[in-house]
């Protein structure tokens, strides 16, 4: 089995970072990715981890994602995991039952992805995984608990212009490039609703009301045949992505 390369970017959550606390119980090594302003605070409480310190503060999540990707490419790391710091649980699925597990889920999912030539992978959301009957959901979004194969995606980057939807846009770029994305339904994660807990993007993105701009930019970039503006039941604006249209109606990516 190939080694797990796990990166956890985190911002302003030194006291409420559920995944880092969970990582303390696991045997696999983890690299915490922090801004310079947060490094000493995290190091004081979590001294056992390796740290990757960003060059600057407050540059945004797309910048962080790209910094990790460039770091792994420059250090010949063939593939890696990028995990959101507020993940609250990892699970494996037995039929329709989710059983709590550890980072071994990532090892098993990684083998699935490598054996099936998946360029961008992810664990499935727990609220969806339990009802699935197939092992993969192909060519759709990959969020929160994400596997990146640099041997297939070398040089591909997240776009700061689409911050807030940078993960969806990245998956769309992967599909447009002719590679495959997949969420494994055999392994799952739980996490709180976006923008519901302090730190991370809550204050800088969700509380700042940047979602409307993000929706407009996704439609501008991909076209309204692929990104359809919608209003959620909560009243939030969003886009519905028509994934199977990406290779026929995309207008302005390249």
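Taken together, the values in this text are just the output of simple stated rules run on the coordinates, not laboratory data. None of these values were measured; they are calculated from a predicted model. Counting neighbours? That spans all protein chains shown, and the Cβs are built from the backbone with ideal geometry, glycine included.
The Cα-based radius of gyration of the chain, divided by its Kirkwood radius, gives an Rg/Rh of 0.94.
Of 92, 80, how do they rank once you tally other Cβ atoms within 10 Å and put the fewest first?
Ordered by Cβ neighbours within 10 Å, fewest first: 92, 80.
Divided by 2.2 N^0.38 Å, where N counts the residues, the Cα radius of gyration of the range 108-195 comes to 1.06.
Note on the range 1-56: Rg/Rh from Cα positions, Kirkwood definition for Rh, rounded to two decimals, is 0.96.
Of 13, 93, the sequence from fewest to most neighbouring Cβ atoms within 10 angstrom is 13, 93. Only DSSP H runs of four or more residues enter the estimate; each adds -39500 (n - 2.57), and after division by the residues of the chain the mean residue ellipticity at 222 nm equals -8500 deg cm²/dmol.
Counting neighbouring beta carbons within 10 Å and listing from fewest to most, the residues 76, 140 come out as 76, 140. Relative contact order of the chain: 19 percent, from C-alpha pairs under 8 Å at least 6 residues apart in sequence.
Taking every DSSP beta bridge that has both residues in the chain, what percent is antiparallel when rounded to the nearest 5? List each step's numbers first, then the result.
Details: 25 of 41 bridges.
Taking every DSSP beta bridge within the chain, about 60 percent pair in antiparallel fashion.
Between the beta carbons of residue 37 and residue 71, assuming R0 = 22 Å, the FRET efficiency works out to 0.70 to the nearest 0.05. For the chain, a Gaussian network of Cα nodes joined below 10 Å ranks 78, 11, 134 by mean-square fluctuation, and the top entry is 134.
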